[in-house]
Each structure stands twice: as structure tokens, then as C-alpha cells.
Amino acid sequence: MAATPSTMLPLGTQAPDFQLQDVVTGRILSLVEFSKNKLLLVMFICRHCPYVKHVQDQLAKIGLDYGTQNVGIIAISSNDAGNYPDDSPKSLKEMAETLHFNFPLCHDETQEVAKAYHAACTPEFYLFNENRKLVYRGQLDDSRPKNDIPVTGKDLRSALDAALAGKPPLSDQKPGIGCNIKWKPGNEPDYYIH
């Protein structure tokens, strides 16, 4: 369980597009699917990571709480499914159904979407405004496995509430911490920290 920080993509970055298959419905999703939503939340998660397991119920709750507030939400797993079968599309589908996710969970087979977002760890969060400019990136909250801080989603929820209210991005944004994305051998991006 190597703790890896998120890369903290610069605020104002335009949301990179993607073409990914929802592991539950089989639909191919891209940015245009969320064009009617005021905000877009992109989450990089997986099934096997202890950091994600620690917060997965809160992720489902955020989906319920904000899915009705004009927030488009998509979760993406970019891990190498060959070496980490828990993160295969079939296993991810079981995860989404067990946790009753009301947002799509997609598998980034080529890992190109993770690279486009400079994703480094799971879980990692990116919130984009109505112009699809990045207004928040970083942690869910201060809770980590074994630190006894309750999982509340405080940081991400504050960012969502501020963006929905049309307020400027939060000034205090902390990097997320989690398991590093499991890159396919030879596919590690230049920003990958060994």
C-alpha cells in the first residue's frame, strides 16, 4: 500500500475528453454525455485499493447527494486489469452494483485517459465548472485507512457546494493520497513517481 499523492493539475485546465465504456451498461461515454450538467466530477478509483475501499460508501453517497443537483459524475478505473484482476471490467461491474453507484464506472483499458488527466493515485478527484475548467482537484477529506478520522467527504463536498453556488475555487486544496495507478509495464507516464 504505497501512498502516492495526486499531481494537482493546474486549476483552470480544460477537461480532457474521453471515450470510455460504462462497465454496467456497456454505453460509450464522452464529455458530451455530460453537456447538460452544470458541473462535472471525474473520479479515478479502483476496486482493490485500500484507500478506495475506505471511502467507497461515501463515494456512493456523494453520487446520491449531488446527482440530483445538476452535477455529472463519472468514475474511471485505469489500473492494469491483467496484473490486477480485481480491477477488471467484470469485477468493477460487481463493485458498482454492490455499492449501488448511480453514476457510470468506466474502465480505461489503454490508460490514456489517466494520462490526459495526470492521474497518479486512487482515489483522485477532479471537479470542472460549466465551462469544463478545473476548479478543484485533490482529496476527498482528511480520512485515511487507520487514521481514525471519520470519512465525510468534507473537502470535495465543500468544492461542489462552492461551484454550484458560483463561488470561486477553494483556495485550500490538498493533494489526494492513495495507491498509485497500476500502470502496464512500459506504459508509465513521465509524471509517474517510482
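Odds and ends about this structure:
- Some residue of the stretch 2-15 being buried (at least 18 other Cβ atoms within 10 Å of the Cβ) and over 22 Å from residue 177 (Cα atoms): no
- Within the stretch 22-136, helices (runs of 4 or more DSSP H) holding 3 or more residues that are out of contact with any Ser or Thr (no Cβ under 9 Å at 6 or more places or on another chain), within 26 Å of residue 177 (Cβ to Cβ) and among the hydrophobic types (A, V, I, L, M, F, W, C): 50-66
- In the stretch 109-144, the residues that are over 17 Å from residue 7 (Cβ atoms), touching a residue at least 40 places away in the same chain (Cβ under 8 Å) and of a type in the set (Ser, Thr, Tyr): 143
- Among (1) assigned to a helix (DSSP H, G or I); (2) more than 17 Å from the chain's Cα centre (by Cα); (3) among the aliphatic types (A, V, I, L, M), the one test that residue 149 misses: (1)
- Pair list, Cβ under 7 Å, 6 or more apart: the stretch 145-166 residue more than 14 Å from residue 58 (Cβ to Cβ), other residue among the polar types (S, T, N, Q): 163/129; 164/69
- Qualifying residue in the stretch 114-123 (condition: hydroxyl-bearing (Ser, Thr, Tyr) and touching a Cys at 6+ places or on another chain (Cβ under 6 Å)): yes
- Any hit, the stretch 108-131, residues being in contact with a helix residue (DSSP H, G or I) (Cβ under 7 Å, 6 or more places away or on another chain), farther than 24 Å from residue 70 by Cα and of a type outside the set (Ser, Thr, Tyr): yes
- Scanning the stretch 1-48 for residues that are β-branched (Val, Ile, Thr) and under 21 Å from residue 164 (Cα atoms) returns 13, 32, 42.
- Selection status of residue 88, at pLDDT below 95, surrounded by fewer than 21 Cβ atoms within 10 Å (Cβ to Cβ) and hydroxyl-bearing (Ser, Thr, Tyr): no
- Subset of the stretch 91-118 that is over 14 Å from residue 18 (Cβ atoms) and hydrophobic (A, V, I, L, M, F, W, C) - its residue that is surrounded by the most Cβ atoms within 10 Å (Cβ to Cβ): 92
- Residues in the stretch 16-35 that are in contact with a Gly (Cβ under 9 Å, 6 or more places away or on another chain) and among the polar types (S, T, N, Q): 35 only.
- Output for the stretch 146-169, where each listed residue is buried (at least 17 other Cβ atoms within 10 Å of the Cβ) and not acidic (Asp, Glu): 151, 153, 156, 157, 159, 160, 163, 169
- A residue that is closer than 19 Å to residue 4 by Cα and in a strand (DSSP E or B) cannot be found anywhere in the stretch 162-173.
- If the condition is being surrounded by 11 or more Cβ atoms within 10 Å (Cβ to Cβ) and within 15 Å of residue 82 (Cβ to Cβ), then the stretch 170-187 contributes 181, 182, 183, 184, 187.
The values are calculated or read from the model by the stated rules, or taken from the named source; none is laboratory data. Please read all numbers here as calculations on a predicted model, not as lab measurements. Glycine gets a Cβ as well: all are built from the backbone with ideal geometry, and neighbour counts include every protein chain shown.
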